[in-house]
Ligand code: DGI
Ligand code: FE
Ligand code: FE
Ligand code: FE
């Protein structure tokens with residue numbers, strides 16, 4: 001098991017200083033949410049520090065890993081921005097030795113979510129969106145939701161991410177819709 005300091009050093013080698021700063025912000029937000037919602041703050045810290053571990057890997061390597069690790073091949077049709085979660089979970093296990101399934105799932109699903117999310121998965125999904133460095137228009141509303149209901153914060157983020165993608169006519173990964181249907185849509 002790596003100490004927090006060792007983990008920080010390994011993560012820092014994988015990314016720009018700007019992204020590393022984002023990762024530290026996600027850790028701050030995730031630990032706070034973990035305290036509020038009764039989840040292990042250590043697990044929240046580890047998942048937050050590693051959630052974007054693969055973000056700056058080259059696309060060819062990520063593409064090949066999606067195939068060799070038997071990840072969802074549909075990922076390949078929806079652009080590389082949604083690859084780093086699933087790929088990151090594989091690499092964090094292989095290269096950092098992290099084995100905890102809940103932490104690996106939190107990394108895997110941090111971008112698109114999924115219908116069933118553990119509290120830790122919800123925390124990383126939301127912390128990524130509301131960390132102190134984020135500045136988009138609705139972020140204060142998202143932070144407010146996270147103070148009272150984690151599920152409401154997940155729903156808010158899911159709705160607004162989808163609206164944002166549609167506003168830019170981006171392709172929607174079907175699993176993003178599955179998350180929307182579970183967390184946002186009315187029955
Ligand atoms: O890695 P971060 O930048 O911290 O944040 P993230 O992992 O939550 O999101 C990365 C990007 O993924 C973000 O700009 C929105 C995009 N994204 C999320 N769902 C979808 C998507 N892009 C497409 N094309 N389709 C999706 O369904
Ligand atoms: Fe990410
Ligand atoms: Fe996110
Ligand atoms: Fe992130």
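The values are calculated or read from the model by the stated rules, or taken from the named source; none is laboratory data. Since the model is a prediction, treat every value here as computed from it, not as a measurement. Cβ placement follows ideal geometry from the backbone for every residue including glycine, while neighbour counts extend to all protein chains displayed.
Summary of values
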read-out: Filtered residues of region 9-36 (kept if under 26 Å from residue 146 (Cα atoms), surrounded by 16 or more Cβ atoms within 10 Å (Cβ to Cβ) and touching a helix residue (DSSP H, G or I) at 6+ places or on another chain (Cβ under 7 Å)); value: 20, 23, 26, 27, 29, 30, 31, 33, 34
read-out: Within region 93-118, considering residues that are within 14 Å of ligand 1 (Cβ to nearest atom) and more than 16 Å from residue 39 (Cβ to Cβ), the one surrounded by the fewest Cβ atoms within 10 Å (Cβ to Cβ); value: 114
read-out: Residue within region 155-171 that is assigned to a loop (DSSP other than H, G, I, E, B), touching a residue at least 12 places away in the same chain (Cβ under 8 Å) and surrounded by fewer than 16 Cβ atoms within 10 Å (Cβ to Cβ) present; value: yes
read-out: Selection from region 58-71 of residues that are surrounded by fewer than 21 Cβ atoms within 10 Å (Cβ to Cβ) and in a helix (DSSP H, G or I); value: 59, 60, 61, 63, 64, 65, 66, 67, 68
read-out: Qualifying position, being buried (at least 17 other Cβ atoms within 10 Å of the Cβ), under 18 Å from residue 179 (Cα atoms), within 15 Å of ligand 3 (Cβ to nearest atom) and at pLDDT 95 or above, among 131, 81, 121; value: 121
read-out: Unmet requirement for residue 111, which otherwise passes all of (1) touching a residue at least 60 places away in the same chain (Cβ under 8 Å); (2) within 20 Å of residue 165 (Cβ to Cβ); (3) assigned to a loop (DSSP other than H, G, I, E, B); (4) in contact with a helix residue (DSSP H, G or I) (Cβ under 7 Å, 6 or more places away or on another chain); value: (1)
read-out: Selected residue [assigned to a loop (DSSP other than H, G, I, E, B) and either closer than 22 Å to residue 126 by Cβ or at pLDDT 95 or above (or both)] from 55, 21; value: 55
